[in-house]
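Any read-out appearing in this document is the output of simple, stated calculations on the displayed coordinates, not a laboratory observation. Computed from a prediction, not measured in an experiment: that's the story for all the values here. Neighbour counts are summed over all protein chains in view; Cβ atoms, including those assigned to glycine, are modelled from backbone coordinates with ideal geometry.
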Amino acid sequence: MWGLCPASSAPGERATDRAEHHTSVHAVGGHLSPPRARSGIRRRRVVTRTASGVHTSFMPDFSIVATVISTTGTLLGALGGVALAHGVNIRREEAQANRQRKDQRTQARRQAYVDLLGTATQLKAEIEIAGQRHWKDMNVRLATIQRHAASVGLHASCVALLSPSPETAEAALALASASGRLAAATSTHTEMGYRDEQFLGGQITRAADFKDLDECIERFYRAAAQDMEE
């Protein structure tokens, strides 16, 4: 008896397509079950011949898994390198910013020292000139002396805030106190002349004593010089 042969394949149909079609169709109670859904992992067909017959099974293709693991490792390594380089750049920028802030503080402190010494020296020069003779603008000169004494106090306060050395801060405040006392004594020992409510000028009647001011200037200069060397 002639057996029934399966229908011929359609033109262009591949052998693998036919194999997948036949292996995905199963008879269950006389009915055909629908094809099984394919998993996301590529499988490899394995044919095993035993005494009881031929068995066909499908095993996962682990070459794809190895490729995925290798690619993931390379990607993570690259990301780790980028993160490391970014961290190094951040630390470098922080160190540079710290150096800039330190240089700015040092420059501000140096400028405060210079301003204090310059103002105290200018105060002394103004008092010396005012005490030389009678001046028709003595009121203006006294106002200038008072203004310089106030400036010494302002610069001394800046030095006390900026200097890390207690000795330098104390020397600056002592210089400010000496300047204020000298300006007050100069004003006290100055005689003003008026006639019919008209100002005729004035003259300092007692020579100013610069000993206290000179000692304070010298003390502050030594402390500031030592402070800048550290």
Cα→Cβ-extended label distance, 7 Å offset, between Glu218 and Arg147, nm: 3.1
Amide H contacts of Gly201 (H built 1.01 Å from N, under 5 Å, at least 5 apart or other chain): Gly193
Label point distance in nm, Phe199-Ala95, each placed 7 Å from Cα along Cα→Cβ: 6.2
Segment 137-191: Rg to Rh, with Rh as the Kirkwood radius over Cα pairs: 1.11
Theoretical FRET efficiency, 1/(1+(r/R0)^6), r = Cβ-Cβ of Phe210 and Gln104, R0 25 Å, to 0.05: 0.10
13 Å beta-carbon shell around Leu213, net charge (K/R +1, D/E -1): -3
Neighbour-count order for Asp137, Asp196, fewest beta carbons within 10 angstrom listed first: Asp196, Asp137
For segment 106-229, size of Cβ-based charge dipole, Lys and Arg +1, Asp and Glu -1, in debye: 200
Two-decimal ratio, segment 106-229, of alpha-carbon radius of gyration to 2.2 N^0.38 Å: 1.18
Amide N of segment 194-230 lying under 12 Å from the label point, which is placed 7 angstrom from the Cα of Glu167 along Cα→Cβ: 219-230
Cα-projected label distance for Arg133 with Thr121, points at 7 Å along beta-carbon direction, nm: 2.7
Among Thr144, Leu123, Ile217 the positive-end extreme of the charge dipole of segment 106-229 (Cβ point charges): Thr144
Under 14 Å, Cβ to Cβ, from Leu116 - net charge with Lys/Arg +1 and Asp/Glu -1: +1
